[in-house]
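The values are calculated or read from the model by the stated rules, or taken from the named source; none is laboratory data. Since this is a predicted model, take the numbers as computed values, not measurements. As a convention, Cβ positions derive from the backbone with ideal geometry for all residues, glycine included, and neighbour counts pool all protein chains shown.
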Amino acid sequence: MAVLADEPTPGLDEFKAKIQKVTDWYRDNKDILIKAAEENKEMVNHPDHYQGSGGMEVIDIIENYDLGFSLGNAIKYILRSNKKGSAKQDLKKAIWYINREISNLVEEEDCEDV
């Protein structure tokens, strides 16, 4: 289900709140994450394209905020978009996963209304 820009977006406020929590968590843990990244750098388990400038990994964000598959993939593609391959393609993938999450939320709401 495609979501149009002028329609209210179910779950958008919750998504924004999760993004804010991620930002706050990163700010609070940045120094620890940088030190850990410097001590444990490994290309197979810790590839550069999944790490921020401070060494924080995408998977840490996904797991710490229990984002689930669709939102986790959206975050992954957003955060790596300027580091691996085509930024435009990664951002399109992120949008696809966000739309999928929105569709799932709409379906859940429809089921609750029955």
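Summary of computed values
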read-out	value
Inter-residue pairs, beta-carbon under 7 Å, first within 13 Å of Glu57 (Cα to Cα) and in segment 23-38, second modelled with pLDDT of 80 or more and of a type outside the set (A, V, I, L, M), 6+ apart	Trp25/Asn64
Pair list, Cβ under 8 Å, 6 or more apart: segment 84-104 residue free of Cβ contacts under 8 Å to residues at least 24 places away in the same chain and closer than 14 Å to Leu12 by Cβ, other residue of a type in the set (A, V, I, L, M, F, W, C) and surrounded by 14 or more Cβ atoms within 10 Å (Cβ to Cβ)	Ile95/Ala74
Some residue of segment 25-41 being farther than 21 Å from Lys92 by Cα, acidic (Asp, Glu), surrounded by fewer than 19 Cβ atoms within 10 Å (Cβ to Cβ) and at pLDDT 90 or above	no
Flag if Asn104 is of a type in the set (S, T, N, Q) and either at pLDDT 90 or above or in contact with an Asp or Glu (Cβ under 7 Å, 6 or more places away or on another chain) (or both)	yes
Criterion violated by Glu63 - all others in (1) at pLDDT 85 or above; (2) over 25 Å from Trp96 (Cβ atoms); (3) not aliphatic (A, V, I, L, M) satisfied	(2)
Matching residues, segment 53-69, being in a helix (DSSP H, G or I) and surrounded by fewer than 19 Cβ atoms within 10 Å (Cβ to Cβ)	Ile59, Glu63, Asn64, Gly68, Phe69
Filtered residues of segment 1-24 (kept if among the aliphatic types (A, V, I, L, M) and modelled with pLDDT under 80)	Met1, Ala2, Val3, Leu4, Ala5
Given (1) at pLDDT 90 or above; (2) surrounded by fewer than 19 Cβ atoms within 10 Å (Cβ to Cβ), number of the condition Asp110 does not satisfy	(1)
